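S.K.: The structure follows.
Every number here is computed from the coordinates shown, using simple stated rules; none is lab data. Since we're looking at a predicted model, the values are computed, not measured. Positions of Cβ are backbone-derived with ideal geometry, glycine not excepted, and every protein chain shown enters the neighbour counts.
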Amino acid sequence: MQKTLLVFASIFLLCGSNAKCEITHQCGVGKHYVKSHFRKAYTRSDGVHFKATTVKEHCADNPKNYDFWNPKLKNGRPDGWARKTEKSKHWSTEEREKTLEALSKMPPALMSAKLREIDRMIRSQDFPNPASSDNGDIVLYDTAFEKDKSLTQILSHELAHQYYKNLSGKDFESYRKAADWFNISNLGTKPVYRTAGRMFVAKDGVNSIEEDFANNIEYFLNQPKELKKSTPKVYDWISNHFGDKFKLGAGGAHVR
Amino acid sequence: MFAKNIPFLTLLIMLCPSCSSLSAKNHVSSYPLSLVETIKPGTTTKEEVIATLKKPDQIIPLTGKELVHGNEAWLYLNDEKDSTRASIIFDKKSIVSEVNWFPESQDEESDLQRLLSHYSPAKFVKSTIPWTTQHSSPSEHVYSNETLGIKIVSMPNNDFVESIGFEKPKSH
């Protein structure tokens, strides 16, 4: 009797008032609790298709780098988020599981220590944009979870924005040269450039070096042949900069 | 004759790598800031720009929304011709409207703190560039002094200076 009381007391001390914690605790090391939820049909990042079903509560194996990514998924609004009209919402279990699965595929180089949080919001000011980045924060909107969207592709793009914001001066300069960006003016609200007639894998790349960089990293990881064909100099820059292990599913724990 | 010169040529080749690295170390890029900032928006003419910087590598006509900057941009490229070193923008009367200078990492002005101390005791107001693209807020920080007509754009997390721009100072 005394023993049982001690166990309950220790669970209460460890978990506070969080009732779910007791079950989470029982999942053991390397696993996490997934509560019962309805999961829509989807295709996982490795191409495996899953039918729509009700998933019963269970303990799931932690995806790669779960301990790094899981605390980043927050319910709330990033501090100082500039887009005032965008409303936040809570992560559903289904979205959380899918996002953690996609994040587990990211190469370690994109695990930035300066990334504070990944939040959920309903609708982008630029609907149907699926995601946005600020300095240290990422937001995923409802459209990121639509059937035809690849979370892996969306997240590699947003994590590339975070990587860009922390490039060293030398790396920024060498990328600018490799990608043929010729500055003209930074004096207005929008920088003026010329890009020496080069091609872009995604048309909004022409808007800024940063958007171009994020698109190129996204394509390098998800559709490398297209990037190599359209902008071989940029493909080579990414290969040289990140090395052989820069690919999806490369795993490993490394935080920049 | 040729055989006689072989030891000399060998010595020259042996010394050459150190010569080239020495010259690279002491290399001063074309169009330093001290030269470019002698061009004054609102007064300097095309002829005076040519007298100071010589002819540009590229002449770019500005169009659409770019016309707020001026009508024509003259680009001066770095030695490798793979990056803009300076751009001089002219208004329709062929008077300079803007001067932009883009440091490279070996320039000491690429460090924000050094650059700000270069203009000391002038005070700069810090701001960020408004969010203009769909996916991401611009990373850069902006340091402006309207009295001097100077705007410095730097990266947020390492103080690397992307550009220094000069326009006609605003009269108060």
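S.K.: Find the centroid of the Cα atoms in the range B:94-155 and in the range A:128-206, then give the distance between the two in whole Å.
M.R.: A separation of 21 Å, based on Cα centres.
S.K.: Return a whole-number percent for the relative contact order of chain A, with Cα pairs under 8 Å and 6 or more residues apart as the contact set. Before the final figure, lay out the partial values.
M.R.: Working: 368 pairs, mean separation 42.7, N = 256.
In percent, rounded to a whole number, it is 17.
S.K.: For a footprinting-style exposure proxy, rank A:GLU57, B:GLU48 by other Cβ within 10 Å, fewest first. Numbers along the way, then the final one.
M.R.: Working: A:GLU57 11, B:GLU48 15.
With the fewest neighbours first, A:GLU57, B:GLU48 line up as A:GLU57, B:GLU48.
S.K.: Would you grab the residues whose amide H sits under 5 Å from the one on A:MET111? Only those 5+ places off in sequence or on another chain, please, with H modelled 1.01 Å from N.
M.R.: A:ARG256
S.K.: Using a/c under 1.5 as the rounded threshold, could you call the range A:64-242 rounded, prolate or oblate? The axes a ≥ b ≥ c are square roots of the C-alpha gyration tensor eigenvalues, and prolate needs a/b larger than b/c, oblate otherwise.
M.R.: Values: a/c = 1.80, a/b = 1.48, b/c = 1.22.
Taking the square roots of the gyration eigenvalues as a ≥ b ≥ c, the range A:64-242 is prolate.
S.K.: Let me ask you something else. Find the relative contact order for the range B:97-172 and round it to a whole percent, using C-alpha pairs within less than 8 Å whose residues are 6+ positions apart. Mind dumping the intermediate values first?
M.R.: On the way: 130 pairs, mean separation 25.7, N = 76.
In percent, rounded to a whole number, it is 34.
S.K.: Given axes a ≥ b ≥ c from the Cα gyration tensor, I'd like to know whether the range B:105-172 is rounded (a/c under 1.5), prolate (a/b larger than b/c) or oblate.
M.R.: On the way: a/c = 2.24, a/b = 1.21, b/c = 1.86.
Oblate, since a/c reaches 1.5 and b/c is not below a/b.
S.K.: Please compute the modelled spin-label separation between A:ASP79 and A:THR53, points set 7 Å along Cα→Cβ, answer in nm with one decimal.
M.R.: For the pair A:THR53/A:ASP79, the computed spacing is 4.3 nm.
S.K.: Packing-wise, with mean Cβ within 10 Å as the measure, how do B:60-72, B:146-158 rank, highest first? Write down the numbers at each step before the final one.
M.R.: Numbers: B:60-72: 14.8, B:146-158: 18.6.
So the order, starting with the most tightly packed, is B:146-158, B:60-72.
S.K.: Add +1 for every Lys or Arg and -1 for every Asp or Glu among the other residues with Cβ under 14 Å from the Cβ of A:GLY80, and state the total. Can you show the working numbers first?
M.R.: Working: positive: A:ARG77, A:ARG83, A:LYS84, A:ARG116; negative: A:ASP79, A:GLU86, A:GLU117, A:ASP119, A:ASP134, A:ASP137.
Counting the neighbours of A:GLY80, the net charge comes to -2.
S.K.: Taking θ as phi - 60°, what are the ³J(HN,Hα) couplings along the range A:109-116 by the Karplus curve (6.51, -1.76, 1.60), each to the nearest whole Hz, with x for Gly and Pro?
M.R.: Per residue, the Karplus-derived 3J(HN,Hα) values read 4, 8, 8, 7, 5, 8, 6, 7 Hz.
S.K.: Using a/c under 1.5 as the rounded threshold, could you call the range A:61-117 rounded, prolate or oblate? The axes a ≥ b ≥ c are square roots of the C-alpha gyration tensor eigenvalues, and prolate needs a/b larger than b/c, oblate otherwise. Could the numbers behind the result be given before it?
M.R.: Working: a/c = 2.60, a/b = 1.46, b/c = 1.78.
It is oblate, given that a/c is not under 1.5 and a/b is not larger than b/c.
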